[in-house]
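J.: Structure below; questions to follow.
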Amino acid sequence: MKIESVKVIVTCPGRNFVTLKIVTDQGLHGIGDATLNGREKAVVAYLEDHVAPLLIGKDASRIEDIWQLLYRGAYWRRGPVKMTAIAAVDTALWDIKGKSAGMPVYQLLGGASRDGVMVYGHANGADIQETSDEVGRYIEMGYKAVRAQSGIPGVKGAYGVGRGKLHYEPADATLPTETLWNTATYLNFAPKLFDQIRNEHGAGVELLHDVHHRLTPIEAARLGQSLEPYRLFWMEDCTPAENQEAFRLVRSKTTTPLAVGEIFSSIYDCKDLIQNQLIDYIRATVVHAGGITHLRQIAGLAALYQVRTGCHGATDLSPACMGAALHFDLWVPNFGIQEYMRHTTETDEVFPHAYSFSDGYLHPGEAPGIGVDIDEELAAKFPYDPKQLPIARLSDGTMWNW
Ligand code: GCO
Ligand code: MG
């Protein structure tokens with residue numbers, strides 16, 4: 001089964017998505033997500049100029065060999081642009097393999113380890129009351145786990161608070177929107193948010209919170225301690241993770257579980273965090289971490305150290321990534337949770353999919369392959385709309401981490 005054509009499709013049904021479509025000489029096709037929010041065109045160029053020519057004529061069934069070719073063969077290894085491109089190829093090839101076997105990808109991986117994939121939704125509001133009300137709305141929709149983010153008085157554009165509710169999207173302008181950050185105000189505020197949520201919704205619901213790389217290790221340790229009474233499922237990206245050692249300090253001071261890794265592109269970004277048991281959940285996902293082939297290596301390493309998976313699943317990851325991630329989640333022995341931010345109706349129409357939500361769980365469905373396709377005719381009606389993610393500054397103008 002030879003690869004006959006490789007096509008990159010860019011569409012914006014509400015937000016930008018890059019999709020790779022591989023077609024074989026037997027008429028089977030597979031798709032993979034290649035979206036890197038705010039840097040979409042870098043991946044498009046990499047795929048079109050440097051990857052597609054290598055694939056034509058190759059045996060589509062040799063997923064591992066093609067992965068190695070794209071990783072080792074480039075000489076310049078890793079990095080988000082390249083690993084996203086590799087992920088797209090890898091996902092499309094798993095999709096094709098599933099279709100040729102007549103099996104959903106989770107069966108190829110080893111079969112289901114659970115009946116469904118527990119997901120967490122995003123509750124966000126302008127203030128504590130609105131956020132707590134949103135948590136209630138998610139519980140009513142059946143969610144067992146909810147991430148809570150709130151506007152903070154005195155902090156312009158606090159992370160995680162969108163204009164929309166179900167479809168929060170931060171990449172909102174051609175040039176980055178400038179937001180303001182204030183650590184001291186945030187550290188005082190966060191425990192109050194979770195105190196009210198626990199008071200109003202009880203102990204049953206799992207609660208999550210994303211710090212979005214804003215704190216230093218000692219500040220993160222303090223936040224973790226102050227949130228302990230509210231028994232969070234996890235505190236995410238509490239400090240930047242370029243220096244994996246930084247988590248040693250946080251870890252030594254708090255029992256609040258730690259999650260990290262949505263911006264990681266390979267096992268080398270997280271091996272120290274995992275091997276030293278400095279985190280509880282690894283957030284790497286299919287599209288940004290080299291596809292199913294590489295993600296299962298990360299999960300395998302994590303399993304040795306009782307670190308569980310918690311794949312990134314924001315709306316900038318297309319349904320093609322979500323579908324692939326759900327097959328992975330249903331199989332992976334050390335599954336923790338899956339993030340699930342709903343896509344808009346337009347996006348769901350462009351990407352018809354077999355996965356479905358019921359009572360707090362997603363299931364990838366039984367369609368062969370990843371169970372997600374792209375309607376190219378419809379996709380063409382939504383042209384690329386350049387948008388970037390915001391930036392953050394401190395009140396004196398210093399650049400900070402968004
Ligand atoms: C999350 C994330 C996202 C990112 C977004 C960037 O936990 O879901 O932090 O919301 O900010 O994916 O493109
Ligand atoms: Mg995050």
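The values are calculated or read from the model by the stated rules, or taken from the named source; none is laboratory data. Note that the coordinates shown come from a computational prediction; the quantities given were computed from them, not determined experimentally. Methodologically, a virtual Cβ is constructed for each residue, glycine included, from the backbone with ideal geometry; neighbour enumeration extends over all protein chains shown.
J.: Before we move on, is G160 out of contact with any strand residue (DSSP E or B) (no Cβ under 6 Å at 6 or more places or on another chain), among the small types (G, A, S) and within 21 Å of V119 (Cα to Cα)? Full working, then the answer.
T.: On the way: out of contact with any strand residue (DSSP E or B) (no Cβ under 6 Å at 6 or more places or on another chain): no; among the small types (G, A, S): yes; within 21 Å of V119 (Cα to Cα): yes.
Answer is no for this residue.
J.: Let me ask something else. Among the residues of the range 283-298, write down those that are touching a Phe, Trp or Tyr at 6+ places or on another chain (Cβ under 8 Å) and surrounded by fewer than 21 Cβ atoms within 10 Å (Cβ to Cβ).
T.: Once the filter is applied, which keeps residues that are touching a Phe, Trp or Tyr at 6+ places or on another chain (Cβ under 8 Å) and surrounded by fewer than 21 Cβ atoms within 10 Å (Cβ to Cβ), the range 283-298 yields only R296.
J.: I need the full set of residues from the range 245-255 which are part of a helix (DSSP H, G or I) and either in contact with a helix residue (DSSP H, G or I) (Cβ under 7 Å, 6 or more places away or on another chain) or among the basic types (K, R) (or both), in order please.
T.: Listed by number, the residues that qualify are A246, F247, R248, L249, V250, R251, K253.
J.: Next up: Pairs please, first residue from the range 199-224 and assigned to a loop (DSSP other than H, G, I, E, B), second anywhere and among the acidic types (D, E), Cβ atoms under 7 Å, 6+ apart in sequence or on different chains.
T.: Going by the 7 Å Cβ cut-off, the qualifying pairs are V211/E236; V211/D237; H212/D237; H213/D237.
J.: While we're on this one: Please identify the pairs in which a residue from the range 122-138 that is under 19 Å from A314 (Cβ atoms) has its Cβ atom under 6 Å from the Cβ atom of a residue that is crowded, with 22+ Cβ neighbours inside 10 Å and among the hydroxyl-bearing types (S, T, Y), counting only partners at least 6 apart or on another chain.
T.: A123/T131; A123/Y138; G125/T131; G125/S150; T131/S150
J.: In this structure, is E366 surrounded by fewer than 19 Cβ atoms within 10 Å (Cβ to Cβ), within 21 Å of the chain's Cα centre (by Cα), of a type in the set (D, E) and within 26 Å of L326 (Cα to Cα)?
T.: Considered against the rule, which asks whether it is surrounded by fewer than 19 Cβ atoms within 10 Å (Cβ to Cβ), within 21 Å of the chain's Cα centre (by Cα), of a type in the set (D, E) and within 26 Å of L326 (Cα to Cα), E366 comes out as no.
J.: Looking at T315, T216, which one is surrounded by fewer than 22 Cβ atoms within 10 Å (Cβ to Cβ) and not assigned by TED's automatic domain parsing to the domain that holds N37?
T.: Of the residues listed, the single one that is surrounded by fewer than 22 Cβ atoms within 10 Å (Cβ to Cβ) and not assigned by TED's automatic domain parsing to the domain that holds N37 is T216.
J.: Return the residue satisfying two criteria in turn: it lies in the range 259-299 and is among the small types (G, A, S) and under 25 Å from E206 (Cα atoms), and of such residues it is farthest from ligand 2 (Cβ to nearest atom).
T.: A299
J.: Of these, E228, E242, which one is more than 29 Å from G365 (Cα to Cα) and outside any helix (DSSP H, G or I)?
T.: The conditions single out E242.
J.: Continuing with this model, one more query. Can you pull out the residues in the range 247-287 that are more than 16 Å from ligand 1 (Cβ to nearest atom), over 23 Å from E228 (Cα atoms) and among the aromatic types (F, W, Y)?
T.: If the condition is that a residue be more than 16 Å from ligand 1 (Cβ to nearest atom), over 23 Å from E228 (Cα atoms) and among the aromatic types (F, W, Y), then Y268 is the only one that fits.
J.: Considering the range 215-230 alone, what residues qualify as being in contact with a Phe, Trp or Tyr (Cβ under 6 Å, 6 or more places away or on another chain) and within 16 Å of ligand 1 (Cβ to nearest atom)?
T.: none
J.: I would also like to ask the following. Got a sec? Which of A184, A203, A148 is within 18 Å of the chain's Cα centre (by Cα) and among the aliphatic types (A, V, I, L, M)?
T.: Exactly one of A184, A203, A148 is within 18 Å of the chain's Cα centre (by Cα) and among the aliphatic types (A, V, I, L, M), namely A148.
J.: If you check D280, D272, which single one turns out to be in the same structural domain as G360 (by TED's automatic domain parsing), touching a Phe, Trp or Tyr at 6+ places or on another chain (Cβ under 7 Å), more than 20 Å from G125 (Cα to Cα) and acidic (D, E)?
T.: When all the criteria are applied, what remains is D280.
J.: On to the next question. Which numbered condition in (1) away from ligand 2 (no atom under 16 Å from the Cβ); (2) free of Cβ contacts under 8 Å to residues at least 40 places away in the same chain is the only one that A320 fails?
T.: (2)
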